[in-house]
Amino acid sequence: MFCKIKSACLIGIDGFIVDVEVDITKGLPVLNIIGLPDTSIKEAKERVKSAIINSGYDFLNSRIVINLSPADIRKEGPYFDLAMAVGMLNRLYESNEEYMSQTLFLGELALDGNLKKVRGVLPIIINAKSNNIKRVFLPSQNLKEASYIDGVEIYPVDNLRQVIDFLASNTKIDIYVKKEKLIKKEEYRLDFSDIKGNYFVKRAMEIAAAGNHNMLMIGPPGSGKTMIAKRINTILPDMTEEEMIEVSKIYSAAGLIDEDIGIITRRPFRQIHHTATKTALIGGGRDAKPGEVVLSHRGVLFLDEMLEFDRRTLETLRQPIEDKYINISRVKMNQTYPCNALVISAMNPCHCGYFSDETRECKCTNNEVNRYLNRASGPLLDRFDLFVEVNPINFEEFQSKHKEETSSDVKKRVEKARKIQSERYKGEGIYTNNDINTKKIEMYCYLDEECKDFVKTVFTKYKFSSRSYHKLLKTSRTIADLEEEDIKVCHIAEALSFRKAYYNYWG
């Protein structure tokens, strides 16, 4: 007896359809699983056997061979348990070839026959839809995650018997009917109004949010760098449905989806400790797993105490920050992951932290300060658009009754600037000003003669690299968008003011 059941697994952050071919013939009782299975799949023979028996079915003492096709691609995870069991119990229901070819079975079996949730359901459903799969049987615990994709019927099931009874037309399963999604508006406990003073820094943060410009804050301990960085999400635009699916796909593959919500609705904010390894930051390992830079896609990657990171670890960020994607190559795996994140970094100006601080004496020598600052290479610093000094506020500013701007006030301006960019780059595959490539920069960052003269003077004086020059233009474009104007000299001058800190410390 032969039958073919469709299932799926994950490769990186993408779903991959696998044909589970079950062949039951006369011979010595044995169960073999072939087709490059990993250990968790090889162990499935015991899980499936116990699940079948404990569900009240007889396990045939026959020669059973299960092939996972295509056989030249390594499969991992417990995704195929349900498909294997359905294939082995093929004698209990009438198999319709067309129906089964459009049906996918997914889930891990417990020894008692109950189904357990699996990670990565969202990318698997997306892939199933693109492969003309019409229906998917999956664990009830994965229903919310699967419910956000149109065009595929979802059959949530609790155990193996429920599936077999349905296929044998003995019972019914309620098909999930997709309803209109009500994505609640995100509410944050933190707010920009909590920040006293530091108006220059808050202006830089607004520009960073509006154009997705990478930003580096420099200042002594306790000046408010981390406090400001943690409020960046409160002024970023809400994610579109397309972005939610895009980010949720990554988190689903990583097993980080909240079961109660089923989708990521808030832009990621990933704060990394400076002891993180290259693998944790970038991704990798035997299975080429995504790292923190990928998990921050469409959100914020916050590098607190940037210069305390291992220098070689920091240098691995250069390519993903620039290219917005990362390629992880291993002997048996080659994966490309998106990582278009807003990078916010904070650092002390020296080892003791008080270099250039007017209120505290720095205990470091000039050589120690230079050695500390040189932990960040020139090419890495060249990836940042905005450099700002954060200074401690005085007692009078603490006690000031001046009403600070709220996050919602700033967010309105950011959203307006993002809308201008969205309309400008429609159909170009560009989302924000920071994504403009060099071929398009003259078109979208047009300068009149007065602006050209000013930029020429600046370029000559500060000996800009081509990357720094383009970043100055992109930042000027964002500032002009916030004012709803074309680029003027005042916008370029303000963009230049956010590079002053760079020349103060590394110039």
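The values are calculated or read from the model by the stated rules, or taken from the named source; none is laboratory data. This one's a predicted model, so the numbers in the text were calculated from it and none came from an experiment. Note: ideal-geometry Cβ built from the backbone for every residue, glycine included; neighbour counts use all protein chains shown. Each accessible area value is taken on the protein alone, full model and side chains, heavy atoms only, with ligands, DNA and RNA left out. Shrake-Rupley method; radii C 1.70, N 1.55, O 1.52, S 1.80 Å.
How far is the Cα center of segment 13-78 from the Cα center of segment 465-507, in Å?
60 Å
Leaving out ligands, DNA and RNA but keeping every protein chain, what accessible area does Met306 have, in Å² rounded to the nearest 10, with a 1.4 Å probe?
0 Å²
What is the projected area of the convex hull of the Cα atoms of segment 64-189, averaged over all directions, in nm²?
Projected area, direction-averaged: 10.3 nm².
Enter the accessible area of His351 (Å², nearest 10), with the probe set to 1.4 Å and all protein chains included.
130 Å²
Would you calculate the separation in nanometres between label points at Asp191 and Glu449, each defined as 7 Å from the Cα along the Cα-to-beta-carbon direction?
5.1 nm
Residue by residue through segment 36-49, what is 3J(HN,Hα) from phi via Karplus (6.51 cos²θ - 1.76 cosθ + 1.60, θ = phi - 60°)? Round to whole Hz and write x for glycine and proline.
6, x, 8, 4, 5, 7, 4, 6, 4, 4, 6, 5, 5, 4
For an R0 of 30 angstrom, estimate the FRET efficiency from the Cβ-Cβ distance between Asp238 and Asn334 and round to the nearest 0.05.
That gives a FRET efficiency of 0.30.
Divide by every residue of the chain the summed helix terms, -39500 (n - 2.57) for each DSSP H run of at least 4, and state the resulting mean residue ellipticity at 222 nm, rounded to the nearest 500 deg cm²/dmol.
Mean residue ellipticity at 222 nm (helix-derived): -10000 deg cm²/dmol.
With r defined as the distance between the Cβ atoms of Glu361 and Lys324 and R0 fixed at 51 Å, what FRET efficiency is calculated, to the nearest 0.05?
0.75
What is segment 343-444 by shape, rounded, prolate or oblate, if you read a ≥ b ≥ c off the alpha carbon gyration tensor as root eigenvalues and call it rounded for a/c under 1.5, prolate for a/b larger than b/c, and oblate otherwise?
Oblate, because a/c is 1.5 or more while a/b does not exceed b/c.
Could you work out how much longer the chain between Thr279 and Tyr199 gets when fully extended? Use 0.36 nm per residue separation minus the Cα distance between them, nm to one decimal.
Extra length from Thr279 to Tyr199 when fully extended: 25.1 nm.
Which one of Gly56, Ile33, Pro70 has its Cα pushed farthest toward the positive end of the charge dipole of segment 26-73, where Lys and Arg give +1 and Asp and Glu give -1 at the Cβ?
Of the candidates, Gly56 comes out farthest on the positive side.
Can you give the extra length, in nm with one decimal, that the chain gains between Thr457 and Glu308 once fully stretched, where that is 0.36 nm per residue apart less the Cα-Cα distance?
So the chain would gain 50.0 nm between Thr457 and Glu308.
What accessible area per residue, rounded to a whole number of Å², is obtained for the chain using a probe radius of 1.4 Å?
48 Å²
Collect residues whose amide H, placed 1.01 Å from N in the peptide plane, falls under 5 Å from the amide H of Lys75; neighbours closer than 5 in sequence don't count.
Asp38
Based on Cα coordinates alone, diagonalise the gyration tensor for segment 209-332, multiply each eigenvalue by 5, take square roots, and list the semi-axes in whole Å, largest first.
Over the Cα atoms of segment 209-332, the ellipsoid semi-axes are 23, 21, 13 Å.
Provide Rg over Rh for segment 393-450; use the alpha carbon set for both Rg and the Kirkwood Rh (inverse mean inverse pair distance).
1.24
If you roll a 1.4 Å probe over the chain with all protein chains in place, what percent of the accessible area is carbon or sulfur? Please report the intermediate quantities before stating the final value.
Values: 11600 of 24150 Å².
Of the solvent-accessible surface of the chain, carbon and sulfur hold 48 percent.
If you count, for each residue, the other Cβ atoms within 10 Å and average over each peptide, how do 285-296, 462-473 line up from highest to lowest?
So the peptides 285-296, 462-473, ranked by packing, come out 285-296, 462-473.
Place a label point 7 angstrom from the Cα of Leu256 along the Cα-to-Cβ direction, then list the residues of segment 218-237 whose backbone nitrogen is under 18 Å away.
Inside the label zone: 230-234.
Above 13 angstrom, tally the Cα pairs of segment 416-481 and express them as a % of all pairs, no decimals.
When every Cα pair of segment 416-481 is considered, 64 percent fall beyond 13 Å.
I need the shape label for segment 364-507. Rule: rounded when a/c is under 1.5, else prolate if a/b > b/c, else oblate, with a, b, c from the alpha carbon gyration tensor.
Values: a/c = 1.88, a/b = 1.16, b/c = 1.62.
The shape class here is oblate.
For segment 149-155, what does the Karplus curve 6.51 cos²θ - 1.76 cosθ + 1.60, with θ = phi - 60°, yield as ³J(HN,Hα) per residue in whole Hz, taken in order and with x for Gly and Pro?
Values per residue, Gly and Pro as x: 10, 7, x, 10, 6, 10, 10 Hz.
Determine the shape class of the chain: with a ≥ b ≥ c the square roots of the Cα gyration tensor eigenvalues, call it rounded for a/c under 1.5, and otherwise prolate if a/b is greater than b/c, oblate otherwise.
On the way: a/c = 2.55, a/b = 2.29, b/c = 1.11.
Because a/c hits 1.5 or more and a/b exceeds b/c, the chain counts as prolate.
Report, as a whole number in µm² per second, the diffusion coefficient that Stokes-Einstein gives for segment 147-248 at 25 °C and 0.890 mPa s using the Kirkwood radius over alpha carbon pairs.
Roughly 134 µm²/s, to the nearest whole number.
For Ile34, enumerate residues with amide H under 5 Å from its amide H, sequence gap 5+ or separate chain, H modeled in the peptide plane.
The answer is Ile66, Asn67, Leu68.
For Ser95, put the label point 7 Å out on the Cα→Cβ axis and report which residues of segment 52-71 keep their amide N under 20 Å from it.
Residues 52-53, 57-71 qualify, since their backbone N sits under 20 Å from the label point.
Can you compute the label reach from Glu442? Point 7 Å from Cα along the Cβ direction, backbone N cut-off under 15 Å, restricted to segment 457-478.
So the set is 470.
Could you state, as a whole-number percent, how many of the C-alpha pairs of segment 225-294 are farther apart than 19 Å?
The answer is 46 percent, as a whole percent.
Any chance you could list P(r) for segment 8-132, counting all Cα-Cα pairs in 10 angstrom bins from zero, rounded to whole %?
13, 45, 36, 6, 0
Would you be so kind as to identify which of Ser329, Ile24, Asn433 lies farthest towards the positive end of the dipole of the chain, taking Lys and Arg as +1 and Asp and Glu as -1 on Cβ and the Cα centre as origin?
Ser329
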